[in-house]
Amino acid sequence: MNMFDRVLKAAEQQSLSKILPAALRLANSADDEALASWIRLELMGYVPGNPTMRDDTVVPEYRGVGGQWFNEYGRRLVIEDPDLGFINEIRLRQGVAELEGIASATGMLVIQPTEFSELLRRKLHVEVSIFRFHPSAINQVLTNIRTQALDRLAASREKLSAVKDAEVLQEPAVFQLKPSLYGVTVDLKALWRRLWSKKNDSPS
């Protein structure tokens, strides 16, 4: 079983925070920049501080969770027009490790996405600042991300399968791979330095 087969098999069973670093290392070895960029976004989040983010990067639809808007006094925003139902959905920007941690929470989760509350104030003339949703919704987001990972790995099977294990192991020491892949860990500081290095070395 080569590195690709091991990563693909593990991706069906193990947590995303353990498997995506291994998949990223494999994608880098295969020079599959499209796959590597997607993995970096999922690992580090769709946030401005992620060097992989570009001006035209959009948070994917599969990261959406349904919930309810409230104002600072706890009054819920009631959407009666079915065409505006999309307002009660937010696409989560957090990296997979953070999402996995949040998914284990109990009780309703609260976020304050100011960019969206400001948009609602301008367009609908309503004052809301808090978005509440149940943590169980994150499990579906994680399932969606896993499905995306499996599909993208399968789509790059030919390129990734051609990578020899030795080539993967020669990648810079960003990831620590145990023999079974069940203990994949990531050195986030090293990953961060490497991503910034790639960004600063690219032509402006």
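The values are calculated or read from the model by the stated rules, or taken from the named source; none is laboratory data. Because the structure is a prediction, the values reported are computed rather than measured. Note that we place each Cβ from the backbone using ideal geometry, even for glycine, and neighbour counts take in every protein chain shown.
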Exercise for the section: Read through the list (1) charged (D, E, K, R); (2) modelled with pLDDT of 90 or more; (3) over 19 Å from the mean Cα position of the chain (by Cα), then give the number of the only condition that D83 fails. Expected result: (2)
Completion exercise
Exactly one of V174, V163, V186 is of a type in the set (A, V, I, L, M) and modelled with pLDDT of 55 or more, and that one is V163
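Only one residue in Y62, Y46 is among the hydroxyl-bearing types (S, T, Y) and surrounded by 16 or more Cβ atoms within 10 Å (Cβ to Cβ), so which one is that?
Exactly one of Y62, Y46 is among the hydroxyl-bearing types (S, T, Y) and surrounded by 16 or more Cβ atoms within 10 Å (Cβ to Cβ), namely Y46.
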Practice task
Can you run down the residue pairs with Cβ atoms below 7 Å, 6 or more apart or on separate chains, where the first is in the range 26-53 and under 18 Å from A10 (Cβ atoms) and of a type in the set (S, T, Y) and the partner is part of a loop (DSSP other than H, G, I, E, B) and modelled with pLDDT under 95?
Solution key: S29/V163; S29/E171
Fill in the blank from the handout: Exception for R25 within (1) modelled with pLDDT under 95; (2) within 16 Å of L150 (Cβ to Cβ) falls at (2)
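Going through L109, L150 one at a time, which residue ends up being modelled with pLDDT of 90 or more, outside the structural domain of F86 (by TED's automatic domain parsing) and not small (G, A, S)?
Going through L109, L150 in turn, just one is modelled with pLDDT of 90 or more, outside the structural domain of F86 (by TED's automatic domain parsing) and not small (G, A, S): L150.
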